[in-house]
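Only the coordinates and a few stated rules stand behind these numbers; no lab work does. Computed from a predicted structure; not experimentally measured. Ideal geometry is used to build each Cβ from the backbone, glycine not excepted, and the neighbour counts take in all protein chains shown.
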């Protein structure tokens, strides 16, 4: 469990339905990009807008499409509470992915509720399960000691996607508990990934539009070409920044690259002006020499 594990986007038709054909096609895009893992559904997948039937079918589509492909498949089994998460976990386990991941429960009232949630998943899971530290009930952050305790009790819970602040300090504290803590990944579009890798962390889980760029940066860094990795990363950061300045940048790029047929999102509606498209294309131009797919 090392490298670039991409949080796959969820495609929608013009009517707003999940486009399962494009979701299947996204797997081929991930393979061409050379990613080490594919993760769905998570926050960047707009998972909160998906109903149970859509999530279940999406997992089936991805399990079939990923079979025999190089990237690891990681299925998201989070639920608002223990009961819901266990239902998703059972479905995912039956599909035989390489690993699972779970965002904390939305209905939790305390850190102890977080603990009981992950203990229930730890008892039921038969394969590696990433504990994500954000995205659950607001105002509750799982303590590092809680996570490491779970990892010691359930060895297959020794995989962490750390996004809670202060991220670096928490990752360093978790890394001191190796080998119980087996893999440490970051999120947040990988904005701190070069420093994290310098500190010995295992990878990052970014969004889908620039999957091949993240892989190229990883490969370049691992080859010891740190200045080259910095050069590519600096161009990627322009696009990461632009996504916060021009809503719809991610969706535009996924369509621009021929992965999705629409720019439809359930999270928000947007209409890109000619100037917005001009700026996106300008920044995107800096990445074109490094694209693989």
Practice task
Provide Rg over Rh for the range 105-233; use the alpha carbon set for both Rg and the Kirkwood Rh (inverse mean inverse pair distance).
Solution key: 1.00
Practice task
Percent of Cα-Cα pairs per 10 Å bin, from 0 to the last occupied bin, for the chain, please list those.
Solution key: 6, 29, 36, 23, 5, 0
Fill in the blank from the handout: With -39,500 (n - 2.57) per DSSP H segment of 4 or more residues and division by the full residue count of the chain, the 222 nm estimate, nearest 500 deg cm²/dmol, is -14500 deg cm²/dmol
Completion exercise
Of all DSSP beta bridges having both residues in the chain, the percent classed as antiparallel (nearest 5) is 5
Problem - Pair residue 111, residue 230: separation of 7 Å Cα→Cβ label points (nm) - result: 3.8
Handout entry: Extension gain, residue 281 back to residue 119 (0.36 nm per residue minus Cα-Cα distance, nm)
Key = 53.7 nm
Completion exercise
Here the FRET efficiency for residue 52 versus residue 145, based on Cβ atoms and R0 = 35 Å and rounded to 0.05, is 0.55
Problem - Spin-label model distance (nm) - residue 245 vs residue 222, 7 Å beyond Cα toward Cβ - result: 3.2
Exercise for the section: Quick one: angle between helix 82-95 and the longest Cα principal axis of the chain, in degrees between 0 and 90, rounded to 10, please. Expected result: 70
Fill in the blank from the handout: Quick note on 114, 282, 233, ordering by fewest other C-beta atoms within 10 Å, gives 282, 233, 114
Completion exercise
Ranked output for segments 234-240, 223-229, 269-275 by mean other Cβ atoms within 10 Å, highest leading, reads 234-240, 223-229, 269-275
Exercise for the section: Report the residues of the range 31-56 in range of a label on residue 188: point 7 Å along Cα→C-beta, backbone N strictly under 17 Å from it. Expected result: 43-44
Handout entry: Simple label model, 7 Å out from Cα along Cβ direction - residue 292 to residue 267, nm
Key = 2.4
Problem - Helix axis angle, 144-153 relative to the chain longest principal axis, alpha carbon, degrees - result: 60
Handout entry: With eigenvalues of the C-alpha gyration tensor scaled by 5 and rooted, the range 1-105, Å
Key = 20, 17, 12
Fill in the blank from the handout: hull vol. (C-alpha, convex hull) per residue for the range 196-293, Å³ -> 109
Exercise for the section: Specify the inter-centroid distance of the range 58-136 and the range 141-167, based on alpha-carbon positions, in whole Å. Expected result: 15
Problem - Exposure proxy ranking, count of Cβ atoms within 10 Å, fewest first, for 26, 196, 21 - result: 21, 196, 26
Problem - Nearest 10 degrees, 0 to 90: helix 211-222 Cα axis against the chain principal axis - result: 70
